[in-house]
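**Student:** Below you will find the structure I want to go over with you.
The values are calculated or read from the model by the stated rules, or taken from the named source; none is laboratory data. These numbers were taken from a predicted model, which means no experiment stands behind them. In this analysis, Cβ positions are derived from the backbone assuming ideal geometry, glycine residues included, and neighbour counts consider all displayed protein chains.
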Amino acid sequence: MTNEPPMGLKANLLGSFATDPISNRDWYNSSENSKVFRKMLFGLCFFHAFIQERRLFGPLGWNNKYQFNDSDLRISARHLIIFLDQYEKVPTDALNYLTGECNYGGRVTDDKDRRLMMVALKDYFNEEIFSDDDYKFSPSGVYFAPQHTEYEGYIDYIKSLPQFPKPEVYGFHENAAITKNQNETNLALLTILLTQQNSSGGGGGSDDDLINKIADSLLSEVPMPFDVPAAERKYPISYE
């Protein structure tokens, strides 16, 4: 059994906020520096969605396919709250190294992919995200960390995001969407083709013939349905 990440940046962010411990209100409200924590936590969730969604662009996104998952996000979120409560000044350099090089970077084998990850992480893990309310994640200005609010405020902002984000949020040109859409279409068609029955060689007939033969044999073993009216006449109901 596998649990694939949600499709789309918006769904990915909602999924991240629904995972433990982020969805735990007691944990979410436990930080002594709530504004910095909530802002940087949102940046971390955005980074998590960013690196997962880039995989859909094929080689444009990453040189290799990496299986980033919720465990990377959970351990990074726990490290974030610990570091923020232990230090008076926000240790952004330490958080970037621990999150990018250790937690997520442990899966990355290509040096260029690792460099890209560290550069992207600094866009969402920095002092501007909590010191400047006008700090944006993309040139369009649609994506940003909302002003300091409660858990539900972040959920409302995520729900207001576009269902189909433009490639600019991932650092791509508009034409990159063509590659992404082609990859998704090819994957869907390939999955459908895998479910089709292939004809087998020799005199054994096709797979469909074999399935029909098995189905007929099973049906032949199923007894005929009971004649309920005849049974009621032979054994009438008695209340004595």
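**Student:** Would you kindly identify the helices (runs of 4 or more DSSP H) lying entirely within segment 123-240 that contain at least 3 residues that are over 31 Å from the mean Cα position of the chain (by Cα)?
**Tutor:** 207-221, 228-234
**Student:** Continuing with this model, one more query. Whether any residue in segment 79-90 is hydroxyl-bearing (S, T, Y) and touching a Pro at 6+ places or on another chain (Cβ under 8 Å) is what I want to check.
**Tutor:** no
Every residue, every condition in (1) in contact with a helix residue (DSSP H, G or I) (Cβ under 8 Å, 6 or more places away or on another chain); (2) over 23 Å from D156 (Cβ atoms); (3) among the aromatic types (F, W, Y), yes or no:
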| site | (1), (2), (3) |
| --- | --- |
| K39 | yes, no, no |
| F42 | yes, no, yes |
| F47 | yes, no, yes |
| P59 | no, yes, no |
| H79 | yes, yes, no |
| T92 | no, yes, no |
| E101 | yes, yes, no |
| R114 | yes, yes, no |
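**Student:** Now, a different point. Tell me, which helices (runs of 4 or more DSSP H) wholly within segment 1-120 include 1 or more residues that are surrounded by 15 or more Cβ atoms within 10 Å (Cβ to Cβ) and under 15 Å from the mean Cα position of the chain (by Cα)?
**Tutor:** Because the criterion is at least 1 residues that are surrounded by 15 or more Cβ atoms within 10 Å (Cβ to Cβ) and under 15 Å from the mean Cα position of the chain (by Cα), the helices (runs of 4 or more DSSP H) in segment 1-120 that meet it are 9-17, 34-53, 70-86.
**Student:** Oh, and also: Within segment 106-130, track down each residue that is modelled with pLDDT of 90 or more and of a type in the set (G, A, S).
**Tutor:** A120
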